[in-house]
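What follows is a short report on a single structure.
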Amino acid sequence: MAEQHKNFIGGQWVEPSSGDYFENRNPAKQSDLIGLFPRSTREDLDRAVRAAKSGFEEWRRTPAPARGDVLRKVGDLLSTRKDEIARAATREMGKTLTETRGDVQEGIDTAYYAGVEGRRLFGHTVPSELRNKWAMSYRRPIGVCGLITPFNFPLAIPTWKMFPALVCGNSVIIKPAEDTPHTVQLLVEVLEEAGIPAGVVNLVHGLGEEIGAAIVEHPDIPVISFTGSTDIGSIIGQTCGRMHKRLSLEMGGKNAQIVMDDAELDLALEGVLWGAFGTTGQRCTATSRLLLHDRIHDQLLERLIERAKKLKLGYGLDEGVDVGPLIHEASRTKVQEYVEIGKTEGTLVLGGEVPTGNGLDDGFFFQPTIFTDIKPGSRMATEEIFGPVLSVIRFSDLDEAIHINNEVKYGLSSSLYTRDTVSAFRAFQEMDNGITYVNAPTIGAEAHLPFGGVKQTGNGHREGGWEVYEFYSETKVCYLDYSGKLQRAQIDNYDASPY
Ligand code: NAD
């Protein structure tokens, strides 16, 4: 009998009120049942909200540097448990151990960065326009934050949201993706061990359309942070708009790597292999389009096919594996549908099939797939696939490449390979993305820099860096008048001069 896991509410591990659970299985080996996780209901959520409101009252009064100290301890504990958590993440998410170790490291970096920000929650002190009057602003916590996270970075993305929210003095309720609940359970165990007070961090497992939607609609959760697909983000945006909630959305991408004719081709080749097929293409920053300059198109494509052919598919915990499975059957079905679309819009030059044998039949594997002759504006060139499928597009000059890069509804990351600094700076200036890399692939975010995208990838907020601390806090302005008389701003200092 598989282990039944619990929710974490008010500092206690508790069973779901319904008694219902959902299965969590290994996407590389469907016969491997990882555990049963609570299928929580509105009743569980109400309980979590009560706990989080009470936790907030205590935590918001805890000095921010002391809150940061807890996060530093979390960083230490995550470092100690890095390998164990990475293994659990690979087992439920599928990507290789090297990648999940990177995922946990990002959480460690985010914890230490948050720990320091506890001493730097800057406000401003500025001169008042009136005599004997003090004017300043400071950052104030908001309340209970609802955090809804996707499967693909099961550790890092929850920490991007949770740690800054906590350092700012909020309490949180997190609902992880139903595909990767175990990794977040381990993260919450670490927070508990680090001494986070009861009620400040609450974990409520369950299905997106049930408990995810209930979090978004709960009147006592004023802040929602969501990372996931653009379709679900749009639904959440409508609810939050109606309910006047503060909302951060991080959604889909259709990221391009552009290779100029003066590029270092070996470097560009390594970049696209990692960007397109790492994490089985299931990254918001995955390289989904490869734009090749006419003069190097055939040469680089030939080398790319040779290398991509050799990528080893398998279980991410096994030695030598490069590419793991897709997350579930629905995801593989979607990839297969795009392969059919690709056959009508371009030329299939690699992959396109479900692999069989070699222990792959029990998982949701799909061959690394490359299409050439893809035209800008086509579905393969504009829609997010979220799998190991690369669309190759030809161009003849940088202006054309920038135009193609920008011609999609998403705007997360982009990459340009060139030796020319003028081209590099033109790319920084002209590409409509939240992140542009030069001579590096479309993936590679660092914890202390803002992360997010423009257009339908986001709604203007950022995770990571200082910006996320602005999202999780309110600016409060404080005036103190010690003149001992009524001073009317904009009036007494101009029309009736006090000088
Ligand atoms: P998803 O949208 O299916 O699910 C994300 C989360 O939302 C899950 O926890 C899910 O349970 C929950 N959810 C589903 N329906 C909901 C509803 N009606 N109300 C509230 N919550 C609901 O996404 P996914 O398949 O887990 O992740 C893949 C998507 O995430 C891709 O589109 C990818 O580009 C995007 N993503 C974006 C970023 C970024 O930073 N921009 C990072 C990672 C992933």
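Listed here are the residues, each with its yes/no results for (1) over 22 Å from Leu269 (Cβ atoms); (2) open to solvent by 70 Å² or more (accessible area, probe 1.4 Å); (3) of a type in the set (A, V, I, L, M, F, W, C).
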site: Val422; (1), (2), (3): yes, yes, yes
site: Arg426; (1), (2), (3): yes, yes, no
site: Ala440; (1), (2), (3): no, no, yes
site: Gln456; (1), (2), (3): yes, yes, no
site: Val468; (1), (2), (3): yes, no, yes
site: Val477; (1), (2), (3): yes, yes, yes
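Could you please find all residues in segment 281-305 being over 30 Å from the mean Cα position of the chain (by Cα) and touching a residue at least 40 places away in the same chain (Cβ under 8 Å)?
Those that are over 30 Å from the mean Cα position of the chain (by Cα) and touching a residue at least 40 places away in the same chain (Cβ under 8 Å): His293, Asp294, His297, Leu300, Leu301.
What residue, among those in segment 308-320 that are in contact (Cβ under 8 Å) with a residue 12 or more places away in the chain and open to solvent by 20 Å² or more (accessible area, probe 1.4 Å), is nearest to Asp373 (Cα to Cα)?
Lys309
Each row is one residue, and each column tells you yes or no for (1) buried (at least 20 other Cβ atoms within 10 Å of the Cβ); (2) of a type in the set (S, T, N, Q); (3) without any contact (Cβ under 8 Å) to a residue 60 or more places away in the chain.
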| site | (1), (2), (3) |
| --- | --- |
| Arg87 | no, no, no |
| Met93 | yes, no, no |
| Ala111 | yes, no, yes |
| Asn132 | no, yes, no |
| Arg139 | no, no, no |
| Pro164 | yes, no, no |
| Asn170 | yes, yes, no |
| Ile174 | yes, no, yes |
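Residues in segment 230-270 that are touching a strand residue (DSSP E or B) at 6+ places or on another chain (Cβ under 6 Å) and either open to solvent by 60 Å² or more (accessible area, probe 1.4 Å) or not aliphatic (A, V, I, L, M) (or both): how many? It would help to see each step written out before you state the result.
Within segment 230-270, the subset touching a strand residue (DSSP E or B) at 6+ places or on another chain (Cβ under 6 Å) is 233, 236, 240, 245-250, 252-261, 263, 268.
In the following step, the residues that additionally are either open to solvent by 60 Å² or more (accessible area, probe 1.4 Å) or not aliphatic (A, V, I, L, M) (or both) were identified as 233, 240, 245-246, 248, 250, 252-255, 257, 261.
So the answer is 12.
Looking for whichever is touching a Leu at 6+ places or on another chain (Cβ under 6 Å), farther than 19 Å from Ala447 by Cα and in the same structural domain as Pro158 (by TED's automatic domain parsing) here; the options are Arg60, Arg25, Arg87. Which one fits?
Answer to the selection: Arg25.
Can you report the number of residues in segment 122-159 which are part of a strand (DSSP E or B) and of a type in the set (Phe, Trp, Tyr)?
So the answer is 2.
Can you find, within segment 176-212, the residue that is nearest to the ligand (Cβ to nearest atom) among those that are free of Cβ contacts under 8 Å to residues at least 40 places away in the same chain and acidic (Asp, Glu)?
The selected residue is Glu209.
The values are calculated or read from the model by the stated rules, or taken from the named source; none is laboratory data. Remember, predicted model here, so these are calculated numbers, not experimental data. Here Cβ is always computed from backbone atoms with ideal geometry, including for glycine, and neighbour counts include all displayed protein chains. Protein only, heavy atoms only, side chains kept; ligands, DNA and RNA dropped before computing areas. Shrake-Rupley method; radii C 1.70, N 1.55, O 1.52, S 1.80 Å.
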